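See below for the structure under consideration.
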Amino acid sequence: MSLLDAENVTRFYGDVEPCGRCVERTGAEHGRNRCPECGMVVGCADVTLSVESGEVLGIVGESGSGKSSLAEMLALDLAATDGTVAFDAYDGNFLDANYEERVDLQNEHVGMVHQHVGDGLNLEFTGGGNVAEALLAAGWRHFEDVRTRVRDLFEETEVPADRMDDPTSTYSGGMQRRVQIAKAIANDPELVILDEPTTGLDVSVQARVLDMFRRIQREQDVATIVVSHDLGVIRLLADRTVVMRHGRVVETGLTDRVMEDPRHEYTQTLINSVI
Amino acid sequence: MTDDPDHEEMAATTDGGLATVADEPRAVSDLLSETEAGIAGYNYAYLDEHTKREVRRGVLNAIALPGHQVPFASREMPLARGWGTGGIQTTLSLLGPEDTFKVIDQGSDESINAANIRRLAETTADVETTTDTTDASVIQTRHRIPEEVLTDDQILVLQVPTTDPLRRVDGSDDANRRRHAHKNYSKMWVALYENVVEWGEIQISARYPVMVHDRYLMDPSPIPRWDTSKLNDADSLFLFAAGREARIYAVPPHTDVEPLAFEDRQFQVERFDGKRCHRCASTDTYLTEVTDEDGVTRYACNDASFCEKRIEDPTLSKSHHLDDETVAWGPGTPDPLVDDARRETVLDNGNSSVTEGGDEA
Ligand SMILES: Nc1ncnc2c1ncn2[C@@H]1O[C@H](COP(=O)(O)OP(=O)(O)OP(=O)(O)O)[C@@H](O)[C@H]1O
Ligand SMILES: [Mg+2]
Ligand SMILES: [Zn+2]
């Protein structure tokens with residue numbers, strides 16, 4: 001069994017009553033994600049994928065293709081409309097975990113780095129406090145132990161440790177991203193999900209954040225789902241890649257193969273447009 | 001997180017003690033003048049039976065779920081909320097003619113507000129009142145738990161300005177209710193962590209957050225840390241009532257109450273560094289600074305009624321009224337030998353200039 005097996009993961013958005021045919025009327029071949037019948041937005045649908053232990057899976061696609069919806073469902077931050085996910089550390093459908101199980105799974109098994117920093121960090125807390133929260137939630141009660149672990153994680157993610165007691169709001173975008181990564185890996189999870197880890201950062205900062213994460217990923221052999229609209233990020237990090245469009249997976253394969261020999265027409269244009 | 005604005009605000013309002021809106025009764029004294037003028041028009045213990053039943057239902061629920069904030073239909077009292085309306089409603093719902101009632105306002109029985117609440121109970125519920133902690137069956141209090149050990153015959157009703165300890169870390173009551181439901185207190189722990197980062201130790205002056213029965217995080221009301229450990233495994237029942245927020249919660253007898261702290265940064269009570277009460281020479285009571293008319297600042301017992309007793313008998317223990325005088329109750333429960341020796345030294349040196357009166361209301 002894989003670390004994570006997702007089948008038919010689907011998410012609708014909208015206050016309308018679904019017409020029952022929303023999925024078949026949307027998707028890549030229709031060129032839309034809003035159901036023409038009932039107006040439901042199909043954020044993503046029928047997504048089937050798997051992640052092996054230690055593997056990095058890339059998810060790439062244009063803006064609005066459903067990457068964050070998928071990532072957040074897999075991180076248990078967003079309720080799924082439909083789908084089944086088997087996850088190593090959980091018996092039953094992972095997507096049906098109740099609140100308490102979810103808190104526990106998120107603390108100790110699946111770390112998430114959010115696209116929007118405010119979803120992942122409390123900006124009024126200190127950077128160190130944000131990372132400490134993960135440890136405290138996991139039951140750490142020895143102050144000096146927490147302190148030491150937070151300092152180690154700051155060093156690991158290359159955030160100046162002398163900034164750890166400053167409010168997170170005073171950090172640069174790159175530092176905030178690093179602190180999110182530090183928090184996500186604090187309890188040695190089996191899976192880390194990165195949603196747009198470089199968006200909004202200076203190009204030079206992007207490269208350093210990616211290098212840092214790639215080193216940690218290799219050292220700790222932690223399975224990772226990395227979501228990006230940037231093919232460069234995917235090419236650098238991902239062993240395998242999933243291409244999404246209008247909420248559907250249009251192509252899956254080894255990253256090198258997808259990049260060099262794209263099969264789906266959309267992937268071809270995507271790659272050509274970058275080159 | 002070291003001090004609570006609400007707490008300050010409360011103190012200011014109550015001690016200032018004057019109505020802000022002229023045509024609305026704002027203080028217990030206004031309520032009393034109405035009541036005394038037309039006592040026949042009022043039900044026993046002022047509140048109607050329906051209201052009292054509602055409050056008692058809340059109290060029973062609260063006892064069943066120690067530390068959990070139970071909503072109750074807090075009645076509009078003809079006095080401003082924040083004057084202890086939750087406490088008054090709870091008290092009046094519990095009192096019967098057999099009861100003996102005491103009111104403490106920041107350690108003192110003599111503040112105008114305390115005297116008025118006492119008189120309201122006397123007038124409408126026909127109870128005896130007392131200033132002696134050991135004589136009371138029901139005690140309503142603001143900011144203190146008495147120094148003398150409470151027994152299983154006693155109920156302490158604490159007035160609460162702010163019910164939810166989590167409001168220190170998140171202003172959203174909805175999110176906080178969810179956290180309580182799932183015992184998710186990591187935000188509070190982060191606040192504690194940052195507190196230690198800032199001060200080197202935990203610095204929370206009053207309203208020290210406690211875990212009740214290893215389940216609910218609870219705000220013990222603005223009592224000093226000195227009193228916090230008295231809640232643990234006590235013989236008495238503690239009720240906490242907030243009129244403005246319409247919540248009641250309870251610590252039933254023999255419940256585990258544990259102040260939140262790290263293994264290597266323990267909960268600590270206030271230290272008085274060898275200071276003693278200038279009136280009774282006690283070194284094992286909660287002291288507050290008082291400035292007398294001569295402008296000199298001295299330390300005095302905050303629990304005025306126990307201080308009086310100690311003036312009479314400096315060796316009186318906090319559990320003098322019990323069969324077992326070794327009951328643990330708060331910090332510094334005296335070791336009789338050591339304590340007696342120290343007190344004698346103090347008295348010999350003549351440092352304990354015992355002054356009469358001068359009690360801060
Ligand atoms: N809360 C919401 N309410 C309504 N529609 C939403 C909501 N969140 C996402 N959507 C819609 O679902 C679709 C997928 O959004 P999603 O954020 O998953 O895309 P994405 O691939 O992450 O995009 P981006 O690259 O811009 O982050 C989009 O059409 C989006 O407008
Ligand atoms: Mg996105
Ligand atoms: Zn539809």
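Put a dot 7 Å past the Cα of B:E312, heading toward its Cβ, do the same for A:T48, and the two dots end up 8.7 nm apart.
Given R₀ = 41 Å, FRET efficiency for A:Q220-B:D174 by Cβ-Cβ distance, to 0.05? Computed FRET efficiency for A:Q220 and B:D174 comes out at 0.65.
If R0 equals 41 Å, the separation of the Cβ atoms of A:L254 and A:D82 corresponds to a calculated FRET efficiency of about 0.90.
Taking chain A, how much of its Cα-Cα pair set, in percent, is spaced more than 29 angstrom apart? Roughly 33 percent, once rounded to a whole number. Under 16 Å from a label point 7 Å along Cα→Cβ of B:V327: give me every residue in region B:154-173 with its amide N that close. Answer for this model: B:154-157. Shielding value for B:51-64 is 0, the average number of Cβ atoms from other chains within 10 Å of each residue's Cβ. Of the candidates A:Q220, A:Q106, A:Q176, which one comes out as most mobile in a Gaussian network treatment of chain A with C-alpha springs shorter than 10 Å? For chain A, modelled as a Gaussian network with Cα springs under 10 Å, the answer is A:Q220.
With Cβ to Cβ distances under 13 Å as the rule, what net charge do the other residues near B:A73 carry (K, R +1; D, E -1)? Computed value for this residue: +2. Return one number: the angle in degrees, 0 to 90 and rounded to the nearest 10, between the long axis of the Cα atoms of helix A:99-108 and the longest principal axis of the Cα atoms of chain A. Once rounded, one gets 60 degrees. When the Cα positions of B:V251, B:Q159, B:M211 are compared along the charge dipole of region B:148-277, B:Q159 comes out farthest toward the positive end, with charges on each C-beta of Lys, Arg, Asp and Glu. When the alpha carbon gyration tensor of the protein assembly as shown is reduced to an equivalent ellipsoid, its three semi-axes come out at 61, 29, 19 angstrom, largest first. Between A:S53 and A:L3, the built amide H atoms are under 5 Å apart, and every one of these is 5 or more places off in sequence or on another chain. With the convex hull drawn over the C-alpha atoms of region A:82-210, the volume per residue is 118 Å³. If I fit a long axis through the Cα atoms of helix A:265-274 and take the longest principal axis of the Cα atoms of chain A, what angle between them do I get, 0 to 90°, rounded to 10? Between the helix axis and the principal axis of chain A, the angle is about 50 degrees.
Residues of region A:204-231 with an amide N closer than 20 Å to a point placed 7 Å from the Cα of A:D166 along the Cα-to-Cβ direction: A:204-206, A:208-209.
Given a 1.4 Å probe and the protein chains as shown, B:R75 ends up with an accessible area of around 70 Å².
With each run of n ≥ 4 DSSP H residues scored as -39500 (n - 2.57), what mean residue ellipticity at 222 nm is computed for the protein assembly as shown after dividing by its residue count and rounding to the nearest 500 deg cm²/dmol?
The helix-only estimate for the protein assembly as shown comes to -10000 deg cm²/dmol at 222 nm.
Pairs of Cα atoms in region A:120-188 fall into 10 Å distance bins, from 0 up to the last occupied one, in shares of 24, 61, 14, 0 percent.
What does the charge add up to near A:E196, with Lys and Arg as +1, Asp and Glu as -1, over the other residues with Cβ less than 13 Å from its Cβ?
-3
Given region A:138-275 reduced to its alpha-carbon atoms as identical point scatterers, what log10 I(q)/I(0) does the Debye formula return at q = 0.10, 0.17, 0.21 Å⁻¹? One equal scatterer on each Cα of region A:138-275 leads to -0.41, -0.97, -1.29. Which of these, A:T148, A:T81, A:T198, has the largest mean-square fluctuation under a Gaussian network model of chain A (Cα springs below 10 Å)? Among A:T148, A:T81, A:T198, the largest mean-square fluctuation in the Gaussian network model of chain A belongs to A:T148. Backbone phi angles across region B:317-328, fed through the Karplus curve with coefficients 6.51, -1.76 and 1.60 (θ = phi - 60°), yield HN-Hα couplings of 8, 6, 10, 4, 8, 9, 5, 9, 7, 9, 4, 6 Hz in residue order; Gly and Pro are listed as x.
Computed packing ranks the peptides B:298-306, A:67-75 as A:67-75, B:298-306, most packed first, by mean other Cβ atoms within 10 Å. Shown here is the pair-distance distribution of region B:112-224: with all Cα-Cα distances grouped in 5 Å bins from zero up to the longest one, the shares run 2, 10, 16, 17, 16, 12, 10, 10, 6, 1, 0 percent.
The values are calculated or read from the model by the stated rules, or taken from the named source; none is laboratory data. Note that the structure is predicted; figures quoted are calculated from it, not measured. A quick note on method: Cβ atoms are made from the backbone with ideal geometry, for glycine too, and the neighbour counts reach across all protein chains shown. Areas reflect the complete protein model, heavy atoms only, side chains present, ligands, DNA and RNA absent. Shrake-Rupley method; radii C 1.70, N 1.55, O 1.52, S 1.80 Å.
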